[in-house]
Amino acid sequence: MLARRQELNTQFQQLVDSFVMAVALFVAHALRVLSTGWFHLSYSIDPFQNYQWLLVVIMPFGPIILDLQGFYRSPLNKTLWRSFVQVLRTMIYLSIMVSGCVIFLRLPLTSRAVPLLFMLITTVLLLIKERLLVRRIRRRAARGQLRERVLLAGVPQDMAALEQSLSPEETLRLNIADRIDIEKQPLSDLVEAMHKHAVARVIFAAGHSQLNRVEQAIGACEVEGVPAWLVANFIQTSIAKPDFDAFGERPMLVFRSTPDVSWALLVKRLMDAFGALAGLIIFALPMVAVAIGVKLTSRGPIIFKQQRAGKYGKPFVMFKFRSMSSDAEMHRAELLPFNQMRGPVFKVEGDPRITRFGRWIRRTSMDELPQLFNVFAGQMSLVGPRPLPLYEVENFEHTAQRRRLSVKPGLTCLWQISGRNQVKDFADWVKLDLEYIDHWSLGLDLKILVRTIPAVVFGLGAK
C-alpha cells in the first residue's frame with residue numbers, strides 16, 4: 001500500500017545507508033591505524049588515500065544491492081536473522097566487486113584488514129539502524145500517527161476479500177472509516193462519507209462488471225479532489241504479474257511474465273559485460289591454443305558461425321570454435337533417425353561429424369569460449385537459456401515453449417549444470433529454463449555460475 005510513500009522512504013533509507021557505509025570505512029581505517037601502535041608513522045605508510053576509491057564502489061552499489069536482497073521490504077515482518085543474512089549477502093557481493101577492481105583495474109589495497117573491519121562494522125551498524133527504525137515505526141503506530149483514514153467502496157464480497165488480504169504492516173497504516181456498496185447505494189452516499197470522515201483516499205474493490213459504476217464514483221472523487229485507488233485484480237493470470245506503466249500520456253495496466261526493467265537487470269548487464277571482458281582476458285592464451293588446434297587437426301574455418309534465436313526469437317550470429325567437420329550441416333539429415341532427444345532439438349551420442357580434437361574441446365566446453373564476444377556485445381548473457389538454431393525454434397511443438405525466448409540466451413543455465421546429456425526430453429529442458437525465468441535473481445545467477453565451474457572442470461554431462 002501507499003507505494004509512492006514507501007518508495008520515497010526506501011530512497012531515504014538508501015541515502016542514509018550510503019553514508020553509514022562511508023562512516024564504517026573511515027572507522028575501519030582508523031581502527032587499523034590505531035592498532036599498529038604508531039599513529040603518525042602508519043598514516044605515512046598506509047594513508048586513507050589508498051582506500052578512497054572504495055567509496056566509489058560501496059556508496060552507490062551498497063544500498064542498491066541491499067535493496068535487491070529485500071532489505072528495505074517489510075521491516076516489521078522480518079526477523080533479525082533474516083536481516084543479518086541480507087546484509088551478509090550484500091557484503092559478499094561488495095567484496096566480489098572490490099576484488100574485481102583490485103585484480104583487473106590494479107587499484108591500491110595495502111591492507112586486507114580494512115575491508116574486513118568495514119564489513120563487520122557495516123553489518124552491526126545497519127542491523128542497529130534497522131532495529132531502531134522498527135522500534136520507531138511501532139511506537140508511532142501505537143500512537144495512531146501512521147494510520148490514514150480511508151473509505152472502502154465497491155462490492156461487499158470484494159471489499160471483504162481485500163480486508164482479509166491486508167498484511168499486519170498494511171493494517172497499521174489504514175483506518176477504514178466506512179464502507180460504501182456502490183452496487184446498491186447512490187453516489188451521494190459516497191460523497192457524504194467523504195465529507196463526514198475527511199478521508200485521505202477512496203479504495204475501490206469491485207469486479208469488471210461494475211466498472212461503469214466505478215467510473216462514475218471515481219468521477220465524484222475527482223470533483224472532491226480525493227485520490228481514488230482501484231484494486232486491479234479483476235483480470236486473473238497464472239504467471240504474469242500486473243503492473244502499471246505509461247505509454248506517452250496513456251496509463252497502461254501491464255502483465256509481465258519476465259523480470260521488468262530494474263536495478264537488478266542493470267547489475268546483471270554490468271556483470272555480463274565485465275564478466276565477458278574478464279573471461280576474454282583470462283582465456284586469451286587458451287583460446288589461441290584452441291584456435292591453433294582446430295586449424296591443425298581439420299580443414300575448414302576456425303570459428304563456426306550459426307544463426308541462433310535470441311531474445312523474443314530475434315536472430316543473431318553465435319560464435320563457437322568449430323568442433324565438427326566443415327560439411328557437418330550437409331550430413332545432419334542423414335543422422336535424424338538416430339536423434340536421442342524427444343522434441344525439436346537434435347542430439348546424437350557419438351556424433352560421427354565431430355572431429356577428434358572437437359570431442360575434447362566439447363568435453364571441456366572450450367568450444368563455447370567465443371560466445372564471450374556475444375555476451376560482451378549484449379546478444380547473450382552469462383546465464384540464461386541456451387540459444388537454439390532457428391530451425392529448431394521453428395519446430396517447437398507447443399507455443400508455451402517459446403516463453404524460454406522471453407529472456408536473453410546464456411552461456412550456462414540450469415540445464416547446463418544438471419547433467420545436460422542426461423536430459424533426453426526437450427520438455428524437461430524447457431521446464432528447467434522456465435524455472436530459471438520464473439525464479440530469476442542475481443543470487444540464482446551467481447549460484448549457477450559457481451556450479452558451472454565444477455561442471456566444466458570435470459566435464460559433467462558433456463560429451
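The values are calculated or read from the model by the stated rules, or taken from the named source; none is laboratory data. Because the structure is predicted, anything quoted here is derived from the model rather than measured. Using ideal geometry, Cβ is built from the backbone for each residue, glycine included, and neighbour counts are taken over all protein chains shown.
The number of residues in segment 303-353 being at pLDDT 85 or above, within 36 Å of the chain's Cα centre (by Cα) and not in a loop (DSSP other than H, G, I, E, B) comes to 17. Just wondering, is there one or more residues in segment 81-99 that are in contact (Cβ under 8 Å) with a residue 12 or more places away in the chain and more than 22 Å from F61 (Cβ to Cβ)? No - not one qualifying residue is present in segment 81-99. Please work out if N175 is of a type outside the set (A, V, I, L, M) and within 30 Å of I137 (Cα to Cα). It is true that N175 is of a type outside the set (A, V, I, L, M) and within 30 Å of I137 (Cα to Cα).
Of G275, G300, all but one fail to be assigned by TED's automatic domain parsing to the domain that holds L446, part of a loop (DSSP other than H, G, I, E, B), at pLDDT 85 or above and surrounded by 12 or more Cβ atoms within 10 Å (Cβ to Cβ); the exception is G300. Can you go through L127, L76 and tell me which one is in contact with an Asp or Glu (Cβ under 6 Å, 6 or more places away or on another chain), surrounded by fewer than 17 Cβ atoms within 10 Å (Cβ to Cβ), in contact (Cβ under 8 Å) with a residue 24 or more places away in the chain and part of a helix (DSSP H, G or I)? The match here is L76. Looking across segment 316-347, the residues that are aliphatic (A, V, I, L, M), surrounded by fewer than 18 Cβ atoms within 10 Å (Cβ to Cβ) and farther than 18 Å from N395 by Cα come down to V317, M330. Among the conditions (1) small (G, A, S); (2) modelled with pLDDT of 90 or more; (3) touching an Asp or Glu at 6+ places or on another chain (Cβ under 6 Å), the only one that A205 does not satisfy is (2). Within segment 103-124, the set of residues being assigned to a helix (DSSP H, G or I) and either surrounded by 16 or more Cβ atoms within 10 Å (Cβ to Cβ) or not aliphatic (A, V, I, L, M) (or both) comprises F104, V114, P115, L117, F118, M119, I121, T122, T123. Within segment 338-366, residues that are closer than 19 Å to V430 by Cα reach no partner that is crowded, with 16+ Cβ neighbours inside 10 Å and of a type in the set (S, T, Y) with beta carbons closer than 6 Å at six or more positions or on different chains. Every condition in (1) surrounded by 12 or more Cβ atoms within 10 Å (Cβ to Cβ); (2) in contact (Cβ under 8 Å) with a residue 60 or more places away in the chain holds for W229 except the one numbered (2). Residues that are in contact with a helix residue (DSSP H, G or I) (Cβ under 9 Å, 6 or more places away or on another chain) and crowded, with 23+ Cβ neighbours inside 10 Å number at least 1 in the following helices (runs of 4 or more DSSP H) confined to segment 368-426: 371-376, 414-417. Any idea which of (1) within 26 Å of I235 (Cβ to Cβ); (2) free of Cβ contacts under 8 Å to residues at least 24 places away in the same chain; (3) not hydrophobic (A, V, I, L, M, F, W, C) is the one R140 doesn't satisfy? Answer for R140: the failing condition is (1). Between Q69, Q49, Q86, which is outside the structural domain of Q216 (by TED's automatic domain parsing), exposed (fewer than 14 other Cβ atoms within 10 Å of the Cβ) and either farther than 30 Å from Q210 by Cβ or not acidic (D, E) (or both)? None of the others qualify; the one that does is Q49.
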